[in-house]
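Colleague: Please see the structure below; I have some questions.
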Amino acid sequence: MSPYPILNTQVIGQAESALGAILGPLLARTGTTFNQWLVLTVTAANGSAIDRVQLIARITDARKIDAHQVETAISELADVGLVLDQTRVSLSEVGQDRYHEIRAALADVTARLFDFPSEDLASAGRVLAIVTARANAELAAPQP
């Protein structure tokens, strides 16, 4: 018998809660909210300016949050000079610094947490990607 539980919603939820508890203080140290972090991350991952509508869609689709929350986060970041906000959103130099500061702190923790053989990480990634795709299909299906 395995000492580990079978993957289920409780196990996934507990992992997400534990990871969120690690991320929260890292964001708080920089005065960054979670939704602002999402904007910084997706914008940085794009590599250059990203269309505002596309940015909002990526975040709302991935995180299942209201577009208004993303709009608010973009505006808040623009107000303090972390993003340049027009029809295309990009990180300012200060925004890039903030992103890299948080990302570096996360990289240290992530390296410790995800210290598993690559085959295990690939299996976990595959299963979670399939679960996510199935959940998204359920959300998109007409409700009775």
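Colleague: P(r) of the chain in 10 Å steps, Cα pairs, percent per bin?
Modeller: Each 10 Å bin holds this share of Cα pairs: 10, 33, 34, 19, 4, 0.
Colleague: How large a share of the accessible area of the chain, in percent, is made up of carbon and sulfur atoms when the probe is 1.4 Å and the other protein chains stay in place?
Modeller: That fraction is 59 percent.
Colleague: What FRET efficiency do you get for residue 72 and residue 114 if R0 is 41 Å and r is their Cβ-Cβ distance, rounded to the nearest 0.05?
Modeller: 0.85
Colleague: Next up: Using a 1.4 angstrom probe, figure out how much accessible area the chain has per residue, in square angstrom, rounded to the nearest whole.
Modeller: Normalised by residue count, the accessible surface of the chain is 67 Å².
Colleague: Rg and Dmax in Å for the range 35-102, alpha carbons only: what are they?
Modeller: Cα only, the range 35-102: 10.5, 29 Å (Rg, Dmax).
Colleague: With only Lys, Arg, Asp and Glu charged, each at its Cβ (+1 for the first two, -1 for the last two), find how big the charge dipole of the chain is about the Cα centre; round to the nearest 20 debye.
Modeller: 200
The values are calculated or read from the model by the stated rules, or taken from the named source; none is laboratory data. Please read all numbers here as calculations on a predicted model, not as lab measurements. Quick reminder, even Gly has a Cβ in these numbers, built from the backbone with ideal geometry, and neighbours come from all protein chains shown. SASA here: full protein model, heavy atoms, side chains in, ligands and nucleic acids out. Shrake-Rupley method; radii C 1.70, N 1.55, O 1.52, S 1.80 Å.
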